[in-house]
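Visitor: Before anything else, here's the structure in question.
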Amino acid sequence: NKPRQSDHPQQFRKVCAMEQTNGPPLESMTAAVAQLVLAYIFWGFLHEVGHSVIAAALGYRPELTLSNAASAALFRRVHIRVPKASWQEVTIRHAGWICSVVLALIASQCSLHWLAHAAAWVTAIEAVASDLLQLGDRKSGFHEWFFCGNFGMILLNPAWAVGTTAKKVLAKMVEVTMMRGAQSGGVVTYVRRAHKGGDADLHGVRGRVVNGKRTDLSKLVQSKVNEVERKASRWNKLIDSGRLYSGHTRFATTSKATFDGTHPHQWSPAQRLDVYKGFSDGSLRKCPGTNVEIYICHNGDFEFFDVAGRTYDLGAIQTWLVSATGFPAPCLVDSCAIAGVMDLLRTQGSWQLSSRYAFLFKLDHASLDYNIPNSTLFASVAEIFDIAFQYQLKTTRSPHELARGRAILEENIMVALQNENKLLAQLGIQDESSLSVFVRETVTAFFRNDLLQAIQTFMKGAKGSFGLCVTTSLDSDRQMVLAARGQTISVAFYPEEGLVLYGSEQAAVKAAVGVQSKEAWDRGSSLAAEGVVLSSLAMPFDSPLNSPIKNPPSKSMQSKGSCKSNWSSPSASPIKLSAGSVLDGGPARRLDLDDLGGEICLLDWGFGPPTLSRQGGIQPIMRGSMTVTLIQETLSTRKFSERLVPIEENPLVLPLMPTPKDPVGSDIRSIPKALAAIQEDWETGESPNRLTAWNFSGRLKKRLQQKESGEVPVKAVDILITGCEVSLWLGEQFAADLSLAFKKLEVKTVSSNKILGLLGQEFAMPQLGHQFSEGLWDLHGA
């Protein structure tokens with residue numbers, strides 16, 4: 001019945017083609033299977049390439065190794081280090097299924113073998129199921145970090161600074177935060193210290209402790225704070241209204257639990273530099289010998305940082321910081337390096353720090369291995385900048401006018417530096433173009449690199465996960481900054497009590513619920529409440545420029561001056577604020593920063609605009625006694641007031657349990673009540689415990705049947721229980737009970753840290769000297 005060519009020419013050619021290409025049935029089937037497998041591998045590899053390309057575009061480059069390429073092709077898994085549950089992780093995950101669907105649609109329009117079409121669509125369906133719907137138990141190539149915790153408070157009401165109530169609230173916060181780590185902890189606060197020839201400046205007072213085996217970290221931290229404040233108050237004045245405490249508890253994950261690894265961290269020790277103050281209050285003045293120091297508290301991991309457009313790992317950054325700051329590393333933990341980077345970025349008001357910033361970040365350096373001038377050279381450069389600036393102060397009085405006319409300043413500095421050949425040679429500046437960049441970026445950093453701009457620059461260039469708090473001696477009389485990306489940070493505002501709490505744990509910021517200060521907060525007596533903070537000097541940094549002054553000033557014109565204001569404040573001009581003040585009264589409310597997309601929060605309780613690096617997005621709260629400036633790394637349309645969660649007078653939010661004087665005795669006395677509650681729960685027909693036990697017993701029965709039938713080796717591990725510290729002890733007891741009840745079950749317990757070390761990294765790390773190591777236990781199906 002074979003058709004003739006004259007009858008059906010198209011069908012005839014199709015049949016002939018099939019006869020010519022198809023061999024014996026077995027060979028044809030083998031070839032088809034081979035084609036399908038190769039096509040499936042090909043489309044799967046392209047799927048992982050889609051993940052990798054987007055990851056690289058976001059700054060998370062995957063490992064360029066043969067094993068990673070083979071994993072992508074054969075197992076459809078590529079290893080990319082990215083914070084879990086971050087917006088970057090979500091973006092990278094969705095890129096995979098979108099890429100596969102697009103490729104399948106393109107393949108459908110191309111003249112490919114039908115097996116290639118089938119493989120493309122199978123890959124697309126799998127991608128939608130795994131990346132979009134997140135079905136299946138495929139192991140993720142992403143990694144996450146959850147260790148340590150931040151906590152702290154701001155005392156707006158001076159009544160909190162009297163007595164021990166505030167310290168008890170702080171201890172309660174430590175008690176809650178300890179669940180994230182209780183091996184060590186510390187707190188930093190700031191005191192005023194007067195010195196000759198100027199205003200009093202701030203000095204950091206830090207207290208750190210390492211917990212013992214049977215000591216309470218919350219009590220140790222409280223005692224340490226009392227001790228350091230008592231010593232500091234002998235020679236310094238404690239801040240009443242606006243005092244802040246920034247604290248941290250630590251669980252050492254990649255290093256020992258040592259004193260030098262305990263937060264708050266400081267890289268550069270306190271230095272005395274000439275600093276201009278008054279950018280916000282419109283009273284710009286030079287303060288010789290001002291104390292400069294920065295402290296940070298961080299939970300998460302600091303992995304990489306971008307310098308001059310190039311990405312470097314933590315080890316390279318730590319080595320570079322030694323030369324860049326001129327100080328050795330206080331410790332080798334990753335968080336300490338953040339303090340070092342912040343030393344380089346917070347430069348507003350200091351010509352010495354600003355010129356160092358311009359040299360390090362704005363001049364072209366092929367690597368981090370180059371000669372960095374010492375602080376003496378940058379001080380000499382700062383002297384030239386300052387001469388020109390002092391001359392311009394004689395003709396231009398207000399900071400915003402100085403910023404608008406910065407081209408005048410830059411022109412004068414350029415002329416002065418062109419005669420300093422030796423100085424330029426030491427800086428490695430060999431042409432006018434590089435000199436122009438250096439001068440322009442130094443002037444920009446002098447006006448713009450305040451605390452908010454510094455943290456923005458850091459977060460933009462940093463790779464890792466961050467729950468971060470940064471305070472400085474230049475700013476902590478009025479502001480602090482928080483940042484969240486991949487780690488949670490919550491802030492609670494108590495408008496009736498004049499108190500602000502923040503912490504990594506939402507429960508920690510409830511520590512002041514139901515607690516009252518000794519005196520009511522008289523917000524009406526503060527200048528801030530009268531509206532001073534709502535209208536002040538605005539600096540339109542990118543406004544039109546004036547013409548340059550032709551004759552630069554001479555060195556003899558430099559003003560020695562003091563920290564006191566050299567001129568009166570200009571008339572205030574309004575800054576761009578959000579809608580009127582919120583949180584003016586009523587119950588306390590909590591703001592959760594966007595740790596998924598990334599968010600920065602500047603809290604400011606001083607006079608004038610909180611920052612000159614940003615215009616708009618400033619939300620006044622508590623009748624204008626504080627402003628909140630939020631910067632989100634992703635777009636959000638939710639209003640500030642819509643994000644606030646009441647934590648008082650809210651039936652869905654319970655207050656913290658009181659802390660018993662004898663925790664052990666209290667636990668023992670609560671055993672009968674706890675047992676009765678457990679028994680009652682089991683007697684409820686559909687309680688979660690009964691449902692869990694029913695499912696668990698079904699799994700155990702099925703596993704024992706598999707062993708009896710020989711489907712599973714007798715010595716294969718059936719149940720693997722992991723934990724850390726207390727949870728590991730409970731797991732060991734549970735394992736012992738199961739082994740007694742089910743003699744044929746193989747039940748093992750192991751530290752979760754050992755599991756992470758062996759299975760949770762980019763490559764296996766055998767646990768030498770331990771029972772659990774790679775390949776020793778058969779965990780298939782456990």
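Visitor: Over segment 155-204, what is the mean sequence separation of C-alpha contacts under 8 Å (at least six apart), divided by residue count, expressed as relative contact order in percent? List each step's numbers first, then the result.
Guide: On the way: 21 pairs, mean separation 10.0, N = 50.
It comes to 20 percent, rounded to a whole number.
Visitor: Using a 1.4 Å probe, how large is the accessible area of Tyr295, given in Å² and rounded to the nearest 10?
Guide: So the heavy atoms of Tyr295 present about 10 Å² to solvent.
Visitor: Convex hull over the alpha-carbon atoms of segment 345-476: what's its volume per residue in Å³? Could you put the intermediate results ahead of the total?
Guide: Working: hull volume 16.8 nm³, N = 132.
Cα convex hull per residue, to the nearest whole number: 127 Å³.
Visitor: Please compute P(r) over all alpha-carbon pairs of segment 142-251, binned at 5 Å starting from zero, and give each bin as a whole-number percent.
Guide: For segment 142-251, the pair-distance distribution reads 2, 12, 21, 22, 16, 11, 7, 4, 2, 1, 0, 0.
Visitor: Another question, if that's okay. In a shell of Cβ-Cβ distance under 10 Å around Glu599, excluding Glu599 itself, what net charge do Lys and Arg (+1) and Asp and Glu (-1) give?
Guide: Values: positive: Arg485; negative: Asp592, Asp594, Asp595, Glu633.
That works out to -3.
Visitor: Name the shape class, rounded, prolate or oblate, that the alpha-carbon gyration tensor gives for segment 707-755, where a ≥ b ≥ c are the square roots of its eigenvalues, rounded holds for a/c under 1.5, and otherwise prolate holds if a/b is larger than b/c and oblate otherwise. If you can, show how the numbers build up before the last one.
Guide: On the way: a/c = 4.82, a/b = 1.78, b/c = 2.71.
Oblate, since a/c reaches 1.5 and b/c is not below a/b.
Visitor: Next up: Using heavy-atom solvent-accessible surface (probe 1.4 Å) with all chains present, what is the largest-first order of Trp43, Trp114, Trp160? Don't jump to the answer; show the numbers that get you there.
Guide: Values: Trp43 30, Trp114 170, Trp160 5 Å².
Per-residue accessible area, sorted high to low, gives Trp114, Trp43, Trp160.
Visitor: Accessible area of Arg346, 1.4 Å probe, to the nearest 10 Å²?
Guide: 10
Visitor: Another question about this same structure. Report the FRET efficiency, 1/(1 + (r/R0)^6), for Arg690 and Arg643, where r is their Cβ-Cβ distance and R0 is 35 Å, rounded to 0.05.
Guide: On the way: r = 38 Å, r/R0 = 1.10.
My answer for the efficiency is 0.35.
Visitor: What distance in nm separates the simple spin-label points at His780 and Ser636, each placed 7 Å from Cα in the Cβ direction?
Guide: Each label point is offset 7 Å from its Cα along the Cβ direction, giving 4.8 nm.
Visitor: Would you mind computing Rg(Cα) / (2.2 N^0.38 Å) for segment 197-299, counting N as its residues?
Guide: Details: Rg = 16.8 Å, N = 103, 2.2 N^0.38 = 12.8 Å.
For segment 197-299, the normalised Cα radius of gyration comes out at 1.31.
Visitor: What shape does segment 437-516 take by its C-alpha gyration tensor, where a ≥ b ≥ c are the square roots of the eigenvalues and a/c under 1.5 counts as rounded, a/b above b/c as prolate, and the rest as oblate?
Guide: On the way: a/c = 4.56, a/b = 1.83, b/c = 2.50.
The shape class here is oblate.
Visitor: Would you tell me the accessible area of Asp369, worked out with a 1.4 angstrom probe on the heavy atoms of the protein chains, in Å² to the nearest 10?
Guide: 140
Visitor: Can you put Thr249, Thr444 in order of accessible area, largest first, using a 1.4 Å probe? Before the final figure, lay out the partial values.
Guide: Working: Thr249 0, Thr444 35 Å².
If we order Thr249, Thr444 from most to least accessible, we get Thr444, Thr249.
Visitor: What shape does segment 594-742 take by its C-alpha gyration tensor, where a ≥ b ≥ c are the square roots of the eigenvalues and a/c under 1.5 counts as rounded, a/b above b/c as prolate, and the rest as oblate?
Guide: Working: a/c = 3.06, a/b = 2.05, b/c = 1.49.
Cα axes put segment 594-742 in the prolate bin.
Visitor: Further question on the same structure: Looking at segment 162-243, which trypsin sites (Lys or Arg not before Pro) are in a loop (DSSP not H, G, I, E or B) and have at most 13 other Cβ atoms within 10 Å? Write out the running numbers ahead of the final one.
Guide: Numbers: sites: Lys167, Lys168, Lys172, Arg180, Arg192, Arg193, Lys196, Arg206, Arg208, Lys213, Arg214, Lys219, Lys224, Arg230, Lys231, Arg234, Lys237, Arg243; in loops: Lys196, Lys213, Arg214, Arg234.
Filter output for segment 162-243: Lys196, Lys213, Arg214, Arg234.
Visitor: Stokes-Einstein D for segment 657-714 at 20 °C, 1.002 mPa s, Kirkwood Rh over Cα pairs, in µm²/s? Provide the component values of the computation, followed by the final result.
Guide: Values: Rh = 14.7 Å.
The diffusion coefficient I find is 146 µm²/s.
Visitor: Quick one, can you get me the convex hull of the C-alpha atoms of segment 243-400 expressed as volume per residue in Å³? Mind dumping the intermediate values first?
Guide: Working: hull volume 21.9 nm³, N = 158.
In segment 243-400, the Cα hull volume divided by residue count equals 139 Å³.
Visitor: Quick one: pull the percent of accessible area on segment 432-482 belonging to carbon and sulfur, 1.4 Å probe, ligands and nucleic acids left out. Spell out each step's value before the answer.
Guide: Details: 420 of 1110 Å².
Its accessible area is 38 percent carbon and sulfur atoms.
Visitor: Any idea what diffusion coefficient segment 586-678 gets from Stokes-Einstein, in µm²/s, Kirkwood Rh on alpha carbon pairs, 4 °C, 1.567 mPa s?
Guide: Details: Rh = 17.1 Å.
Once the numbers are plugged in, D ends up at 76 µm²/s.
Visitor: Over 27 Å between C-alpha atoms is what I'm after, so list which of Lys362/Lys394; Lys702/Lys743; Lys168/Lys460; Lys394/Lys460; Lys673/Lys754; Lys172/Lys231 land there. Let's see the in-between values first.
Guide: Working: Lys362/Lys394 30 Å; Lys702/Lys743 15 Å; Lys168/Lys460 37 Å; Lys394/Lys460 38 Å; Lys673/Lys754 36 Å; Lys172/Lys231 23 Å.
Over 27 Å apart, Cα to Cα: Lys362/Lys394; Lys168/Lys460; Lys394/Lys460; Lys673/Lys754.
Visitor: Taking the Cβ of Glu642 as the centre, find all other residues whose Cβ is under 14 Å away and add up their charges (Lys, Arg: +1; Asp, Glu: -1).
Guide: Numbers: positive: Arg589, Arg590, Arg638, Lys639, Arg643; negative: Asp592, Asp594.
Residues close to Glu642 contribute a combined charge of +3.
Visitor: Still on this structure: Using only the Cα atoms of segment 247-308, what do you get for the radius of gyration and for Dmax, in Å?
Guide: 16.9, 47
The values are calculated or read from the model by the stated rules, or taken from the named source; none is laboratory data. Bear in mind the structure is a predicted one, so any value in this text is a computation, not a measurement. Ideal geometry is used to build each Cβ from the backbone, glycine not excepted, and the neighbour counts take in all protein chains shown. Quick note on the areas: whole protein, heavy atoms, side chains included, nothing else; ligands and nucleic acids left out. Shrake-Rupley method; radii C 1.70, N 1.55, O 1.52, S 1.80 Å.
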